[in-house]
Structures are given as structure tokens and as C-alpha cells.
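Asker: To start, I am sharing the structure in question, which I have written as C-alpha cells.
Computed from the coordinates by the stated procedures, all read-outs in this text should not be read as laboratory data. Here the structure is a predicted model, which is why all the values come from computation and not from measurement. For neighbour counting, all protein chains shown are included, and Cβ atoms are generated from backbone atoms with ideal geometry for every residue, glycine included.
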Amino acid sequence: MPLSSNVYLNSDTDSFAHVSLTVRWPALIGTAVDDVRLELAALPEGQKKQQGVQLVEDMLAVQRSVASDAIVEPIIAEVPDRDIYNRFITVDGQRQQWSAMGWLDSECLVYRKLQIALEAQPLWRGFDYFARAKNDTFVKSAHAVSTLAERYHKVHVQLATRPPPEVLELLAHELFSTALWGNATDLSLLVTVSMEQLKELQVSAANRDKESLLVNDFKKVWHQLRSDAGGRVDIVLDNSGFELYTDLVLTLFLLDSGLAEQVVLHPKNLPWMVSDVVPSDLPAILGLLADATKFPLYRDDLDFIVHKLHDYLAEGQLIMRTSAFWTTPLPFSEIRKGGEGGGEAVYKDLRASKLVVFKGDLNYRKLTADKVWPYDTPFEVAIGDLAQSHIPLVALRTVKADVIVGLPAGKGEELDKQWKEEHPSDRAHAWSWGGKYAVISFYK
Ligand code: F6P
Ligand code: MG
């Protein structure tokens, strides 16, 4: 097996990296600028307004730099992860253009630069320029939200009858699958996928035919959950909105069933990849779910869910903590003794977990270092040092990028061929960019 040492590059016109650099990032930065402008419009003259005007200018400068494929400016702000980021910006001492950079680290750099622009304006501290997009899209998902609330209330009643293991396994499979497909709807896709298509993805998600699941290690996940009574399950979160809601319903199931006695949620500590969860998104989503003007239907089921979550938060069975590590560009092989950028502290924390669930596409790209691996590369090879960490982990990921490993021999090539036949003018690998396929990849 030739070990791959090269990452996906933004210059690769056959990769979603190139579409991201040339189309998606300028549009996504525009989303954030629009939100700051909306906030600005409501402000009276004064310091905060002046700082907001400067913030918009600095964000537009990032957008222009990306859109013109300029030479990338290093980070000069005194931030803890500055040297880690700047290491990726120069190659052999040479500063380079965005298009010459690796996809993963340059994508992280885009969001890191927006946050540095924000932090330069003290009166804007804590403002999330993606919050409006996250909350508005969540409220538009009212149908899927309400039906899942009704469903979970029934599951809770079933759990009270202490169902036999095979029934519990079916319920676990259903709720892990719902959380998996909840990942399909991340806002960064809205640049290339319509809201209607996104909602279709959301509602049809739970009953995706098994064709879409290219790797299914659920049985290993189930066995790991049953290996010890109770214990701690960690969820390294991805997107807010509907996906966070499905993660919270999965959390209720794990705690109500006793499969876990504690669940630890790991959000980001800054606005990230448009949709990702920041700490303030948890109280925000609980407030939205409790709001009968936003979610008028199935109120008793929604109130039940909100009440249970508040109880578990109050009892400390559900907790949330962030780490700056999640917003560095570092691959997850740094989750180890001596790991950089906070990786060692995350390693020490996750060692106590019975199962660590990594949600979504970006986490999968960091697990596999976003390298150009052959499709049938074993998952344990792609995750590198993390395979020696003794941390039982599973990636619940809808496929929205090029990297994918662990496929049966020939399967990836077959999907390329099939896509090329159906879309002659498109790149062969484009089947892996739209969140239509998924993997459940486990390693212990
Ligand atoms: O399609 C690629 C992408 O949009 C990247 O920009 C980013 O890595 C990721 O997917 C966001 O998806 P998720 O929220 O599932 O990590
Ligand atoms: Mg995300």
C-alpha cells in the first residue's frame, strides 16, 4: 500500500478544493460580511459602528485576497496558534498564493483570518457572523425537527419498558443514522445546493437506502457501546442547527438508555466553516426549540426534549467544553502524547471516553489528514498515530470532500466511472462532494 504523503491542493482543478477556493470561499465570506452589515444597519453612530465599518473592510480584504488568489499574508496578530498557521503559509521560506496551499489548512486559515479581523474590534467581541444563517435555517427545518421530537418521545416511552438488547440495538442504529444524515445539511453547501434540495436531503435522510452508506461499521460501534455499562461518550460536534439537534436527540438516547452515564460535547471556540457549533449555539437552539412561535407543532414532544436536556445539563450528565485545537489546521494525528496546538490536552481528555464520535466532513478530513489516499486504504492507516491512542472512535460523516478511505476494492473507481457516464462534463470524483454518500468508520 503506497503511503500517501500529499494533501489535496487548491490548484487541483479535479478536486472540490479548487471549487472551494474559486467559488465557495468568496461567497461564504460574503455571507459573513452581510451579517455584520445587517448588525451595523441597526446601530446608532458611535464607536461600535465605527469598529463595525472597519471590521467589514478587513473581512472584505480577506475576500479580495482569496478571490484574486493573492500571495497569502501571514498572521501577525498575537494569537496562540499564529506560528502553527504561518508554518503552512510559507513553503521553503517562500510565501505562496492561496492556490498553491493545501485545501485543509488554507480553508481553516480563511475562517481564522475572519475571526482575527473580529477580535481587532473590541466592541464586537463574541459576535457570531454566522449565527443568523444558522438560526434561520434551523427554524426553516421545523417539519423535520417536529417529527423527530415526536419520534424520540415514543422511543423514550419504549426505553421505559426496558426493551431487550436487539430492540435497543435497532433504536441505537436509527438514532445514530439520524445524527449521521443530519450532517448532510451544512450551510457551506448552500453555495452549490439549493435550500429545497437541502431540506429534501434532511427529511429523506433517516431512510437513506443502504446504497448511500459506503462504509458501515455500526455493528462495531454497538459492540463498543455495550462493552462497559454507562461510561462516557464524547461527540466532537460539527454543524449547529438541525445537525446539532440530531446530536442532542442521540445524546438523550445514550443517557436515557444508560448506554452512557455522561455525554461530553465538543464545539468550536470561534465561528467556523459557516455552520459549526460554538458554545452560544446550545442555549440558542434550546431557546428556539422552546419557542412555540418558531415550532408550533408537537409542542408536548418538543417541551419534553427541552426539559430532559435542561435536566441533564443541570445534573452534569451532559456537558460541553471547547478546545482551540479544533480550530487549528492540524490533522487529528496530533491527538497524542506531545501533540501540538492543544492536541496533547485533547488526547488526555478523550482517553477517558468509551467512544468518541467525530461528526461531519471536516473532522473526517482531519482524521485522514486530507491526503490523496487510494480509496481502499484501511481507515486505521489513514488516521496515523491516532490508531495508537487507544481512543475508541467513530466518524459519522456525509461525504462532502474528495478524501475517502476504507472502500471495498474497486468501489471508488466504480463510482467515478458511473458519475462520469452520467455527468460527462463534470469531474469524475464530483460524486463525493454533495453529501449524498456517507460513511460510519470505526477504529479501536
Ligand atoms: O465540501 C467541503 C466542505 O464544505 C469543506 O469546506 C468543509 O470541510 C466541510 O465540507 C464542511 O462540512 P462539515 O460541516 O460536514 O464538516
Ligand atoms: Mg461543519
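Asker: Packing-wise, with mean Cβ within 10 Å as the measure, how do 116-127, 262-273, 297-308 rank, highest first? Don't skip to the end; give the middle numbers.
Answerer: Numbers: 116-127: 15.4, 262-273: 21.4, 297-308: 17.2.
Top of the packing list down: 262-273, 297-308, 116-127.
Asker: Dipole size in debye (nearest 20) for segment 262-366 around its Cα centre, Lys and Arg Cβ +1, Asp and Glu Cβ -1? Provide the component values of the computation, followed by the final result.
Answerer: Numbers: 13 positive and 13 negative charges, 97 e Å.
That gives segment 262-366 a dipole magnitude of about 460 debye.
Asker: Beyond a 28 Å Cα-Cα separation, which of these cross-linked pairs lie in this structure: Lys134/Lys411; Lys294/Lys359; Lys219/Lys411; Lys140/Lys400; Lys308/Lys354? Let's see the in-between values first.
Answerer: Numbers: Lys134/Lys411 35 Å; Lys294/Lys359 26 Å; Lys219/Lys411 21 Å; Lys140/Lys400 22 Å; Lys308/Lys354 23 Å.
As for pairs spanning more than 28 Å Cα to Cα, those are Lys134/Lys411.
Asker: Turning to a different aspect of this structure: Using Cβ counts within 10 Å as a stand-in for footprinting exposure, how do Thr246, Thr328 rank, fewest first?
Answerer: Details: Thr246 30, Thr328 22.
Final ranking by Cβ density, sparse to dense: Thr328, Thr246.
Asker: Using 7 Å Cα-to-Cβ label points, what is the Ala428/Asp300 separation (nm, one decimal)?
Answerer: Spacing of the two 7 Å Cα→Cβ label points: 5.7 nm.
Asker: Roughly what % antiparallel, to the nearest 5, for the DSSP beta bridges in the chain? Write out the running numbers ahead of the final one.
Answerer: On the way: 12 of 31 bridges.
Of all bridge pairs located within the chain, approximately 40 percent are antiparallel.
Asker: Oh, and also: Using a 10 angstrom cutoff on alpha carbons, build the Gaussian network for the chain and name the most mobile of Gln96, Gln224, Gln47.
Answerer: Fluctuation is largest for Gln47.
Asker: Could you list the chymotrypsin sites (Phe, Trp or Tyr not before Pro) in segment 344-416 that lie in coil according to DSSP, counting only those with at most 14 other Cβ atoms within 10 Å of their Cβ?
Answerer: Working: sites: Tyr347, Phe358, Tyr364, Tyr375, Phe379; in loops: Tyr375.
Within segment 344-416, no chymotrypsin sites (Phe, Trp or Tyr not before Pro) qualify (loop, at most 14 other Cβ atoms within 10 Å).
Asker: Give the residue list of GluC sites (Glu not before Pro) in segment 1-100 that are DSSP loop and have at most 16 other beta-carbon atoms within 10 angstrom. Numbers along the way, then the final one.
Answerer: On the way: sites: Glu39, Glu45, Glu57, Glu78; in loops: Glu45, Glu78.
Answer in residue order: Glu45, Glu78.
Asker: Taking segment 25-69 as the region of interest, what is the percent of Cα-Cα pairs per 10 angstrom bin, listed from the shortest bin to the one with the maximum distance?
Answerer: The percentages, shortest bin first, are 30, 49, 19, 3.
Asker: Using Cβ contacts closer than 10 Å as the measure, can you line up Val155, Val372 from fewest to most? Don't jump to the answer; show the numbers that get you there.
Answerer: On the way: Val155 17, Val372 14.
Result, fewest neighbours first: Val372, Val155.
Asker: Something else: Normalised radius of gyration for the chain, please: alpha carbon Rg relative to 2.2 N^0.38 Å, two decimal places. Numbers along the way, then the final one.
Answerer: On the way: Rg = 21.3 Å, N = 444, 2.2 N^0.38 = 22.3 Å.
Dividing the Cα radius of gyration by 2.2 N^0.38 Å gives 0.96.
Asker: Let me ask you something else. Anyone know which of Arg397, Arg87, Arg232 comes out most mobile in the 10 Å Cα GNM of the chain?
Answerer: Arg87
Asker: Let me ask another. Please list the three semi-axes, largest first and in whole Å, of the ellipsoid equivalent to segment 48-203, using sqrt of 5 times the eigenvalues of its alpha carbon gyration tensor. All intermediate terms of the calculation are to be shown ahead of the outcome.
Answerer: Values: eigenvalues 348, 80, 53 Å².
Working from the Cα gyration tensor, I get semi-axes of 42, 20, 16 Å.
Asker: Within the set of other residues whose C-beta is less than 14 Å from the C-beta of Met101, count the net charge using Lys and Arg as +1 and Asp and Glu as -1. Provide the component values of the computation, followed by the final result.
Answerer: On the way: positive: Arg87, Arg95, Arg112, Lys113; negative: Asp12, Asp69, Glu73, Asp92, Asp105, Glu107, Asp370.
Around Met101, the surrounding residues sum to -3.
Asker: For a test of the definition: using alpha carbon positions, the gyration tensor, and the 1.5 limit on a/c, classify segment 82-163 as rounded, prolate or oblate.
Answerer: Prolate shape, in that a/c is at least 1.5 and a/b is the bigger ratio.
Asker: Report the calculated FRET efficiency for His173 and Ala345 (r = Cβ-Cβ distance, R0 = 30 Å), to the nearest 0.05. Please report the intermediate quantities before stating the final value.
Answerer: On the way: r = 33 Å, r/R0 = 1.10.
Working from the Cβ atoms, E equals 0.35.
Asker: Mean residue ellipticity at 222 nm from the helices of the chain, using -39,500 (n - 2.57) per DSSP H segment of n ≥ 4 over the full residue count, to the nearest 500 deg cm²/dmol? Intermediate results must be reported in sequence, preceding the final value.
Answerer: On the way: 17 runs with 208 residues, N = 444.
The helix-only estimate for the chain comes to -14500 deg cm²/dmol at 222 nm.
Asker: Starting from the Cα gyration tensor of segment 1-108, take the square roots of the eigenvalues, sort them a ≥ b ≥ c, and report rounded, prolate or oblate (rounded when a/c is under 1.5, otherwise prolate if a/b is larger than b/c, else oblate). Working shown, then result.
Answerer: Values: a/c = 2.84, a/b = 1.86, b/c = 1.53.
Since a/c reaches 1.5 and a/b is larger than b/c, the shape of segment 1-108 is classed as prolate.
Asker: Sticking with this structure for a sec: At a Förster radius of 51 Å, what calculated FRET efficiency corresponds to the Cβ-Cβ distance of Lys49 and Asp256, to the nearest 0.05? Present the calculation step by step, with values, prior to reporting the outcome.
Answerer: Numbers: r = 48 Å, r/R0 = 0.94.
Once the sixth-power term is evaluated, E becomes 0.60.
Asker: What net charge is computed for the residues neighbouring Ala292, neighbours being all others with C-beta under 13 Å from the C-beta of Ala292, Lys and Arg scored +1, Asp and Glu -1? Please list the in-between numbers first.
Answerer: Values: positive: Lys294, Arg299; negative: Asp291, Asp300, Asp301, Asp303.
Value of the local net charge: -2.
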